[in-house]
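Worksheet: the structure to be examined is printed underneath.
The values are calculated or read from the model by the stated rules, or taken from the named source; none is laboratory data. Small disclaimer: the values here were computed from a predicted structure and weren't measured. Positions of Cβ are generated from backbone atoms using ideal geometry, with glycine treated the same way; all protein chains shown enter the neighbour counts.
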Amino acid sequence: MNGVTWIHFAWLGLAIVLEVLANVLLKYSDGFRRRLPGVASLLCILAAFTALTQAVRGIDLSLAYAIWGGFGILATVALGWALFGQRLAGRGWLGLGLLLVGMGLLKLA
Amino acid sequence: MRSWFYLLAAILFEVVGTTSMKFAAEHAPVLGLLLMYSLIGLSYYFLALAVKRVPVGVAYALWEGIGIVLITAISVTWLGESIGLYKALGLAVMIAGILLIKSGTRAAPEARGQEVLA
């Protein structure tokens, strides 16, 4: 983990913003029936992975990927609720909590 | 039901794409990146089909969660990554969470009729 600087975490932050944007656009694309949001979503996720590739030059891949995934999941669930009224059932929230705890545990190893 | 198969396809493309990412960064920047872009693009195409009926947050949580479980399994099985108590526990907790999310979610009911017609 030598040579980790703020710039790597800036790339990671950018990757998170781009992935969440990609997910919202994906929903608007209606299964690629609407081309513009569909193509925009693809460009966003490719840009997100590009940013992630820059981040893992300094941050360990599994750690970077877990941070990226964890924040991306939370933000996507929140926006799915806010924009599309998609609420999780009680069991879904419990499962989501377990998923994030498990991802954290995986990083302690 | 078909939405879940779209989601599964999206996850499989993601796993191969993500595994190629470290390779892309280290060994073959141009070819590795092109491969990664194609696979992630394919993955998101199938994810687009899945989120028509599966809530987007659920689809993404499963995409990410199952992806990490599979990537870790690949690393441990083929890439010689060690697995300790915490890692095994983390995987077990993640799998329990994934099963709970899946069992607590139904694809949109109005879409069901379309699936029968399609």
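Mind checking whether some residue in segment B:67-84 is charged (D, E, K, R) and either at pLDDT 95 or above or crowded, with 19+ Cβ neighbours inside 10 Å (or both)? There is no residue in segment B:67-84 that is charged (D, E, K, R) and either at pLDDT 95 or above or crowded, with 19+ Cβ neighbours inside 10 Å (or both). Cβ separations smaller than 6 Å between residues 6+ apart or across chains give the following pairs from segment A:49-73 residues that are over 14 Å from residue A:20 (Cα atoms) to residues that are crowded, with 19+ Cβ neighbours inside 10 Å and modelled with pLDDT of 90 or more: A:54/A:11; A:55/A:11; A:55/A:12; A:64/A:12; A:64/A:55; A:66/A:103. I'd like to know if segment A:64-73 contains one or more residues that are surrounded by fewer than 17 Cβ atoms within 10 Å (Cβ to Cβ) and either facing chain B (nearest Cβ under 9 Å) or not charged (D, E, K, R) (or both). For segment A:64-73, residues surrounded by fewer than 17 Cβ atoms within 10 Å (Cβ to Cβ) and either facing chain B (nearest Cβ under 9 Å) or not charged (D, E, K, R) (or both): absent.
Within 10 Å of chain A (Cβ to nearest Cβ), at pLDDT 90 or above and touching a helix residue (DSSP H, G or I) at 6+ places or on another chain (Cβ under 9 Å), is that true of residue B:32?
Taking the combined requirement at face value, the residue does not satisfy it.
Total residues in segment A:89-109 satisfying the condition of being surrounded by 18 or more Cβ atoms within 10 Å (Cβ to Cβ) and either facing chain B (nearest Cβ under 7 Å) or touching a strand residue (DSSP E or B) at 6+ places or on another chain (Cβ under 6 Å) (or both): the figure is 9. Before we move on, is residue B:45 surrounded by 17 or more Cβ atoms within 10 Å (Cβ to Cβ) and farther than 25 Å from residue A:93 by Cα? Answer is yes for this residue.
Among residues that are over 17 Å from residue B:61 (Cα atoms), buried (at least 18 other Cβ atoms within 10 Å of the Cβ) and either over 13 Å from the mean Cα position of the chain (by Cα) or of a type in the set (Lys, Arg) (or both), residue A:39 is not included. Against the list (1) more than 10 Å from chain A (Cβ to nearest Cβ); (2) under 19 Å from residue A:41 (Cβ atoms), the condition residue B:8 fails is (2). All conditions but one from (1) at the interface with chain A (Cβ under 8 Å from one of its Cβ atoms); (2) within 19 Å of residue A:75 (Cβ to Cβ); (3) of a type outside the set (D, E, K, R); (4) touching a Ser or Thr at 6+ places or on another chain (Cβ under 7 Å) apply to residue B:50; the one that does not is (1).
Taking the criterion of being modelled with pLDDT of 90 or more and over 14 Å from residue B:99 (Cα atoms), the residues of segment A:93-104 that qualify are A:101, A:103.
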